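*Asks:* This structure is in structure tokens; I'll ask about it shortly.
Please treat every number below as a calculation from the coordinates, not as lab data. Computed from a predicted structure; not experimentally measured. Reconstructed Cβ throughout: ideal geometry from the backbone, glycine too, with neighbour counts over all protein chains shown.
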Amino acid sequence: MIRLDQVSKQHGRQILFLEASLSLFKGEKAGLVGPNGAGKSTIFRMIMREEEPDGGAVVIEKGLKIGYFSQDVGEMSGRSTVEETMAGAGEVATIAAELHHLEHAMASPDTDPNAFDAIVARYGEVQARFDDLDGYALEARTREILAGLGFSPEMQDMDVGKLSGGWKMRVALARILLMRADVLLLDEPTNHLDIESILWLERFLKDFDGALLMTSHDRDFMNRIVTKIIEIDAGELVTWSGNYDFYEKGRELANQHKEAQFERQQAMLKKEEAFIARFKARASHAAQVQSRQKKIDKIEKVEPPRRREVVEFDFKKPPRSGDDVVSIARVKKAYGARVIYDGLDLLVRRGERWCVMGVNGAGKSTLLKIIAGETKPDAGDAQIGAAVKLGYFAQHAMEVLDPEHSVLDALQHSFPRATVGSMKGLAGAFGFSGDDADKKCSILSGGEKARLVLAKMLFDPPNLLVLDEPTNHLDMDTKATLVKALSDFEGTMIFVSHDRAFLRALSNRVLEVSPSGVHRYGGGYSEYVAATGREAPGVG
């Protein structure tokens, strides 16, 4: 269906691909992986003809209908969410618009009587095609997809222009899913989704009978959908069978094998070079020396495996807090007529790691804001315990970064007494190695800003971490660094996350917020799934 054939591509002085090839066949579901900046989005853009390769060819089967979801969402306003979604459904949306126009023309007294027969004939053709494309079910399908992505009936009918950027991303994704494409290209489709929507999208993509090429930083999501991995590795495209876990194990085994080959060859070369150095001045050994030198010259050198560098950083221990870290008593909170909490009681003890779960709008972020002192309850008390030093991560925390500061400036400004070496080590641990540490905050992506804020928070760690979606936009390597840092963290945590690997690794308590009330579960996320038989509230 789609083939990249010996493709080369360069951006400035950076070589992204050098005679690289990949194939995507009918019905295949493939994951595209590689470090940030390796060229994943460039592959999508080349397939969509938004960019051309410098060499080689991008071959696409004739008549193929491709749906492409990227993080770049255009302007949306002036229509309802449903109308905006339907407008992106491809041919069926175009035909629906023509059908509406023809119906208006047939009903209008201003229509030229001489043109009426032609309009009626055209209406019959358009209606037949609309029926073939299942157009009369279009609105129902649209609403089903929007509901799956978390839109309430009210949100579906409101002006799309009033939605936040994250919700507009969901609309853009819904448009692509509605298209009934032959191939879906999805660039980080889960970035703005909560866990319930991610689970719905998993089911949708499993049932999708077309081909799929996607990137995702969500390990569980990737594992459950893809059957092959295409890895970008230093300008090459390497295809692996299986899901992400299978690829990761296979890559590690291949690296071990290559490392052993490299070490054996190095030992052999060292031995031959020692012989040459020892006997090259002796005429009696001239033939042997010459023979061994020719042998060395002809050998195809084994390169050591390229390993992605993950910088380790030893984070300080937080100060010890009292045993009662957070005490919430009889808390009430409402927004207008919508009651979020009515008489909530919660005691968080030292060392507990509570993950807060609940359907969209249940009040997860509101609870975190109450604990962090960002929002006051309407009634009741929320108290922080003795000797508690609180650190709060929320999406708005990224907005207070000084745009003129570089990454290193931002860290040094926060910790003026720390050495430059320790700040560079901290930056490296969160993915800012080399020149990346000199990037200005004004040009950082959402994920880079999140990494910088987390680095600042964890260098001098509080003993209570309140984290609202800390893994949004983080790549798998940075998530692994964060999970390791937080696994060793000796304080208390309360957090919201849609990343199931993060939830499994770090929680030891679950608080489920639902319309029927607040439910507590001893044990972490894995125990919650076992006890409830579901991966998220409201999901069967």
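*Asks:* Restricting to lysines 8 or more places apart or on different chains, can you count the pairs in the stretch 246-298 with Cα atoms under 17 Å from each other?
*Replies:* Close lysine pairs found across the stretch 246-298: 11.
*Asks:* Using alpha carbons only, how many angstrom separate the centre of the stretch 206-233 from the centre of the stretch 25-85?
*Replies:* That distance is 14 Å.
*Asks:* Here's something else I'd like to know. Can you give the extra length, in nm with one decimal, that the chain gains between Tyr335 and Lys271 once fully stretched, where that is 0.36 nm per residue apart less the Cα-Cα distance?
*Replies:* Values: separation 64, 0.36 × 64 = 23.04 nm, distance 7.73 nm.
Roughly 15.3 nm would be gained on extension.
*Asks:* P(r) tail for the stretch 81-177, what percent of Cα pairs lie past 19 Å?
*Replies:* For the stretch 81-177, the fraction of Cα-Cα distances above 19 Å is 49 percent.
*Asks:* State the extension gain, in nm to one decimal, for the chain segment bounded by Glu527 and Phe415, taking 0.36 nm per residue of separation less the distance between their alpha-carbons.
*Replies:* Once the chain is fully extended between Glu527 and Phe415, it gains 36.4 nm.
*Asks:* Using only Cα atoms, what Kirkwood radius does the stretch 339-382 have, in angstroms?
*Replies:* With all distinct Cα pairs of the stretch 339-382 included, I get 11.6 Å.
*Asks:* By how many nm would the segment from Glu61 to Asp345 grow when fully extended, if each residue of separation counts as 0.36 nm and the alpha-carbon distance is taken off?
*Replies:* Numbers: separation 284, 0.36 × 284 = 102.24 nm, distance 6.02 nm.
Working it through step by step, the gained length comes to 96.2 nm.
*Asks:* So, R0 is 56 Å and r is the distance between the beta-carbons of Glu252 and Met106; what FRET efficiency does that work out to, to 0.05?
*Replies:* On the way: r = 67 Å, r/R0 = 1.19.
E between Glu252 and Met106, to the nearest 0.05, is 0.25.
*Asks:* Which stretch or stretches of the stretch 390-434 have amide N atoms under 17 Å from the point lying 7 Å from Ser442's Cα along the Cα→Cβ direction?
*Replies:* 399-410
*Asks:* Then there's this: Using unit Cβ charges (K, R positive; D, E negative) and no other charged atoms, how large, in debye to the nearest 20, is the dipole of the stretch 1-93 about its Cα centre?
*Replies:* On the way: 11 positive and 13 negative charges, 54 e Å.
In debye, rounded to 20, the stretch 1-93 gives about 260.
*Asks:* Next up: Here are some pairs, Lys162/Lys449; Lys369/Lys389; Lys9/Lys440; which of them have Cα atoms lying more than 23 Å apart in this structure?
*Replies:* Violating the 23 Å Cα-Cα cut-off are Lys162/Lys449; Lys9/Lys440.
*Asks:* For the residue pair Glu263 and Asp134, what label-to-label distance in nm results when each label sits 7 Å from Cα along the Cα-to-beta-carbon direction?
*Replies:* Taking the simple label geometry, Glu263 and Asp134 are separated by 5.6 nm.
*Asks:* Once both labels are modelled 7 Å past Cα along the beta-carbon direction, what's the Glu404-Glu154 spacing in nm?
*Replies:* 4.3 nm
*Asks:* Which one, Ile95, Gly135, Leu173, is farthest towards the positive end of the dipole of the stretch 81-177 when Lys and Arg carry +1 and Asp and Glu -1 on their Cβ?
*Replies:* Of Ile95, Gly135, Leu173, it is Leu173.
*Asks:* For the chain, what is the mean residue ellipticity at 222 nm derived from helices alone (per DSSP H run of n ≥ 4: -39500 (n - 2.57); sum divided by total residues; nearest 500 deg cm²/dmol)?
*Replies:* Numbers: 18 runs with 219 residues, N = 540.
Computed ellipticity for the chain at 222 nm equals -12500 deg cm²/dmol.
*Asks:* Can you tell me what share of the DSSP beta bridges in the chain is antiparallel? A percent to the nearest 5 is fine. If you can, show how the numbers build up before the last one.
*Replies:* Working: 40 of 73 bridges.
Looking only at bridges with both residues in the chain, the antiparallel portion is about 55 percent.
*Asks:* Select from Gly34, Ala277, Leu237 the residue farthest towards the positive end of the dipole of the chain; place +1 on Cβ of Lys and Arg, -1 on Cβ of Asp and Glu, and compute about the Cα centre.
*Replies:* Ala277
*Asks:* For Arg79, list long-range residues whose amide hydrogen, built 1.01 Å from N in the peptide plane, is under 5 Å from its own amide hydrogen.
*Replies:* Here Val160, Gly161 satisfy the definition.
*Asks:* Continuing with the same structure: Over the residues of the chain, compute the C-alpha Rg and express it relative to 2.2 N^0.38 Å.
*Replies:* In units of the globular-protein estimate, the chain measures up at 1.19.
*Asks:* How about Lys333: which aspartates and glutamates have a C-alpha closer than 18 Å to its C-alpha, ignoring those fewer than 8 places off in the same chain?
*Replies:* The reachable aspartates and glutamates, counting only those whose Cα sits under 18 Å from Lys333, are Asp342, Asp345, Glu374, Asp378, Asp381, Glu512.
*Asks:* Over the stretch 432-498, what lengths in whole Å, largest first, do the semi-axes of the equivalent ellipsoid take, defined as the square roots of 5 times the eigenvalues of the alpha-carbon gyration tensor?
*Replies:* In descending order the semi-axes read 22, 13, 11 Å.
*Asks:* Further question: Under a plain spin-label model, where a point goes 7 Å from the Cα along Cα-to-Cβ, how far apart in nm are Asp378 and Phe208?
*Replies:* 4.1 nm
*Asks:* Using the alpha-carbon centroid of each, what span in Å lies between the stretch 473-491 and the stretch 93-145?
*Replies:* First find each Cα centre; the distance between them is then 54 Å.
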